[in-house]
């Protein structure tokens, strides 16, 4: 009997035909295929099953395709094969197999697809059994495995690094167990024989099952996407680096952001060295050998083991010009801007990862170039910030001061924390006769421009204070000045954002420690708070006039008599509006509570910081200023006063009384100059102003001589000619004293002169 290979197809219909061509056997599959049961077919000629009996000759070919009749009346095209069986005469039999033609075509396509799939070399293919042993693969795709022959039956651990094999097996076992396919999962693959030859494979896997549902294995499709993966990773690192390094104007912050991106983006460890000069805003200048003093500013990843210091405070001098000279597995790139070299960045990675590629170095250089721009911006900002802070500090007095009349401490917190400057200001201005002026003000706006405007106003206040004006009169002159500045302000200044001085507020307080009086006037500013020695708090009854620059309305002066040890608190509205939603009354109540509970007898600076910390909020919308002044009255025994009539003969009595007083005070070395000063001042008062004349001596940090008369005419110092009989008095006073001046009073004027308590020896 001739033997033929039967098609490996499920559900084949079969019929047994005798030597006369009659059907003598019929399978259940045939009944199902043609919708004809055995009783309808058995004993009939096989040719009657043909839809077209003229095709009977086709049966002689042994195989082919014909159309058969069906029980449904619709012809069915099938593929057939005739298998002769041994026999003689009419008993000779044949087995006829039939399958729908479209099913056969599909099977042929499947076979062709599978065959060609294993022959192509663009996509890897591997079939594993349920134990994950390799059954079949287009093995020419795996020359790196070290197993060019005999891959069949091997497992992944036979040719891959253990951790890589574990990862791949876990993925395939999940597919076998759950039936869930894996789509486009990337795995690192490293062969056993060359761990540095790492590639990235993109794997897709699905489970294989027989017709009865039994799991028979898993198929994996894989492709080398190493270059694509590297490109994507480089693009991602570049994108993240660009976004990260531009987010900070801090030199150290920029370096830390850069290090955070490069690990693990480009290596396992990174070191960022920045030139020392960059931190002060200066331009780095290499020495004659091209070296720069640098600071190890940022690191990321595990520490090095070569013993070199790596901390953020470490210092290192580069032994060669900054350059990109990579040594696997590390590479370096310069940080350089138009202003010159700024530092360098170096990355390292595990030797198992292999050497860096040229594309990696180009990526590092690109990131370094973009980071250099951010660093240079941070350097420039640092320089400008230093200038801005320097300007602010030059425009404000020291945070703590001590004058005879008061001990002061201040807290200043600008809204613009980035620059540290703002429009609030305060001042402590020593005045004549041991008095002191306390000032607080607020310019509309924030930042450097507001700070510059504040400086103009503070200078104006100091100039006006030098005239010894009453508080309300001083604010009138300041208001006129602001109005002129508004008119003179150019359109160009407004376009540049120069702050408009109109709308600024100011409170001006003068404390006289001899008389024990406070005088205060306000231009739209909240009233000062007075904390009595027993802890009670009251706000001075100041009637706030209009803000500066409004004009047309008067300012009023309020007076009070604080007791010794009282503390005066001046502040800006940012303090009382910070955490109260703009409710000024509630803010003033809260400030009074804080002042009442604060330890104002101890460290004033610490008390001020605590009050501001309690009241100011992180999201404050206005600058905050607090000035605390502990008031010191001059004891009565440190003053002496005499009133005389307009008689030149009374001058001698004044000299004698002053001399006795100075001897009692232990200031005998000042008797001679004091007699000369008083003689000149009293004589001038009697000659030009008439009487009565009041003379007063005040002992504080200096000795002050005062002569008050009823005239409003201010004295003028001039240089006398040789032929003049007078005109040398004030010139002599100016030469003998530290400073002198005059001020208007409500009843006339007062001329004063100050001498140091430890005068230098006279030289003739």
Taking the stretch 540-568 and the residues there that are in contact (Cβ under 8 Å) with a residue 60 or more places away in the chain and more than 22 Å from residue 478 (Cβ to Cβ), the one that is surrounded by the most Cβ atoms within 10 Å (Cβ to Cβ) would be 567
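Run down 460, 520, 515, 499 and say which single residue is assigned by TED's automatic domain parsing to the domain that holds residue 589, surrounded by 22 or more Cβ atoms within 10 Å (Cβ to Cβ) and at pLDDT 90 or above.
Working: 460 fails: surrounded by 22 or more Cβ atoms within 10 Å (Cβ to Cβ); 515 fails: surrounded by 22 or more Cβ atoms within 10 Å (Cβ to Cβ); 499 fails: at pLDDT 90 or above.
Going through 460, 520, 515, 499 in turn, just one is assigned by TED's automatic domain parsing to the domain that holds residue 589, surrounded by 22 or more Cβ atoms within 10 Å (Cβ to Cβ) and at pLDDT 90 or above: 520.
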Given the conditions (1) modelled with pLDDT under 90; (2) on the phi > 0 side of the Ramachandran plot, every one holds for residue 200 apart from (2)
Note on residue 483: of the conditions (1) under 17 Å from residue 545 (Cα atoms); (2) out of contact with any helix residue (DSSP H, G or I) (no Cβ under 6 Å at 6 or more places or on another chain); (3) at pLDDT 90 or above, unmet is (3)
Looking across the stretch 176-189 at residues that are surrounded by 15 or more Cβ atoms within 10 Å (Cβ to Cβ) and free of Cβ contacts under 8 Å to residues at least 40 places away in the same chain, the single one that is nearest to residue 159 (Cα to Cα) is 189
Exception for residue 78 within (1) modelled with pLDDT of 75 or more; (2) loosely packed, with under 14 Cβ neighbours inside 10 Å falls at (2)
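The values are calculated or read from the model by the stated rules, or taken from the named source; none is laboratory data. Just so we're clear, the structure is a prediction, and the values are computed from it rather than from any experiment. Cβ: placed from backbone, ideal geometry, glycine included. Neighbour counts: every protein chain shown.
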